[in-house]
Amino acid sequence: MGVDLSLVRKRHAILLKKTTTHEQKLKQFLIDKGADAKMVASIISRYPRAIMRDNEVLEEMWDIWKGILGTDATILSVAQRSPESFFRTSNTENLLKNIRYLQSLGLPPKVLSQLMVKSPRTFANSIDLNKQNVEYLLDLCTQLGGKNPREFVRELISANIYILTKSTNRIQTNVENMKSLMKLDDDTLLLWIQGEGAPLLSLSYTYFEDNYKSAQAILQSLGCTEAEIALYIFICPKVLLMTPKIFQNKISVLLECGVDVKDILNTPNILSVHVNNLKARIKELKDCGYDFRVLSLSVLQLSQAKFISRLERLRSSGSLDKSVGQD
């Protein structure tokens, strides 16, 4: 099978205490679902407790998951990526209750599928915990002046599928920091956190505050006002998901082109481009005579196909200019 089960047992003493495990049955179960030996070995080596699951329970769990995800291949991809997500519990009753509860919130099938594929811990939560977290979000909406709390919850879960796996204390801390640091009124904050700002609610307790203040210090040193910085973060919150060092590096690379920091703020998604791609594209454009001081930065955030096409046009134009000059 590609995994030493005796070694697994030695390393995980709890397995030695079980009178019955199901190594071979689990292997056959996964192979019947479409797994190969390498996949089986990977799953068991990373989550050895899987061998304690009874086949009857596994079949029941599999059928429930398949009702949401549709195919064996999709379930296998989740089990391979995160074995614990599928094998950590045999509580089919809790799983069904969670599915029915989330469906009762009006979440569309597509979002339920995304939750199961990307955030399976949501379904491993106790039903009581999920209800408690949803109640908090409903109350949060009301506190911020929202008129349709259930719609708010649907939009927020759709925008941040990990939200129900985060503690309410963490979310509350981030909401308070957003409001105070960015000076957002309740209406604006409410709209933001159910849309573009939703991923930031998952950040650890000090991450949002630390990254915001770091970005603020960098941009203020370049002449930006607090209001300009807050607006920039509001439009492009993804910049707070990167480390201060990466943020600083990207800013420095762009400024070396001869542009003003305001050009960067006016091209917000530019900082979503990997710093190595920025450097490579800047070099290629400069080799073609591209002058960032008078031309747009947005060329740097084009798709690869469009960027190559733009380069080819620039090179053709440069060759034509040279031939005309020689004449």
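Relative contact order of segment 66-219, taken over Cα pairs closer than 8 Å and 6 or more residues apart, is 19 percent. The length gained on full extension between residue 309 and residue 64, counted as 0.36 nm times the residue separation minus their Cα-Cα distance, comes to 83.5 nm. Solvent-accessible area of residue 180, all protein chains in place: 70 Å² (probe radius 1.4 Å, heavy atoms, ligands and nucleic acids excluded). Each of the peptides 228-234, 29-35 was scored by the mean count of other Cβ atoms within 10 Å over its residues; in descending order, highest first, they stand as 228-234, 29-35. Quick one: grab the alpha carbon gyration tensor of segment 130-212, order the square roots of its eigenvalues as a ≥ b ≥ c, and give me rounded if a/c is under 1.5, else prolate or oblate depending on whether a/b is larger than b/c. Taking the square roots of the gyration eigenvalues as a ≥ b ≥ c, segment 130-212 is oblate. My understanding is that a pair violates if its Cα-Cα distance is over 22 Å; which of 97/131; 213/238; 179/238; 213/286; 66/131 do that in this structure? Going by Cα-Cα distance, 213/286; 66/131 fall outside the 22 Å limit. Ranking 259, 206, 146 by Cα position along the charge dipole of the chain, where only Lys, Arg, Asp and Glu carry charges on their C-beta atoms, puts 206 farthest toward the positive end. Dipole magnitude for the chain: computed about the Cα centre from +1 point charges on Lys and Arg Cβ and -1 point charges on Asp and Glu Cβ, it is near 1040 debye. Estimate the FRET efficiency between residue 73 and residue 38 by the formula 1/(1 + (r/R0)^6), using the beta-carbon distance for r and 22 Å for R0, to the nearest 0.05. The formula returns an efficiency of 0.90 here.
Straight-distance candidates among the aspartates and glutamates for linking to residue 25, with alpha-carbon spacing under 17 Å and chain neighbours fewer than 8 residues away dropped: 4, 36, 54, 56, 59, 60. Packing here is the average count of other Cβ atoms within 10 Å per residue, and on that basis the peptides 137-147, 39-49, highest first, run 39-49, 137-147. Once you list every other residue whose beta carbon is under 14 Å from the beta carbon of residue 247, what net charge do they have if Lys and Arg are +1 and Asp and Glu are -1? Taking every other residue near residue 247 into account, the sum is +3.
Calculate the FRET efficiency for residue 302 and residue 118 from the Cβ-Cβ distance with a Förster distance of 25 Å, rounded to the nearest 0.05. Between residue 302 and residue 118 the formula returns 0.35. Magnitude of the charge dipole for segment 137-206, about its Cα centre and with charges confined to Cβ atoms of Lys, Arg (+1) and Asp, Glu (-1), is about 180 debye.
For segment 18-94 versus segment 183-233, the spacing of their alpha-carbon centroids is 41 Å. Mean residue ellipticity, 222 nm, helices only, the chain: the sum of -39500 (n - 2.57) across DSSP H runs of n ≥ 4, divided by residue count and rounded to 500, is -20000 deg cm²/dmol. FRET efficiency for the residue 52 to residue 101 pair, using the beta carbon distance and R₀ = 35 Å, is estimated at 0.80. Could you tell me which of 161, 172, 136 has its Cα farthest along the dipole of the chain towards the positive end, charges placed at Cβ (Lys, Arg +1; Asp, Glu -1), taken about the Cα centre? The one lying farthest along the dipole's positive direction is 161. Per residue, segment 15-91 exposes an accessible area of 50 Å² to a 1.4 Å probe, with every protein chain left in place.
The values are calculated or read from the model by the stated rules, or taken from the named source; none is laboratory data. Just so it is clear, the structure is predicted and the values come from calculations on it, not from any experiment. Neighbour counts run over all protein chains shown; Cβ positions are idealised from the backbone, glycine included. These accessible areas exclude ligands, DNA and RNA; they are computed on the full protein's heavy atoms, side chains included. Shrake-Rupley method; radii C 1.70, N 1.55, O 1.52, S 1.80 Å.
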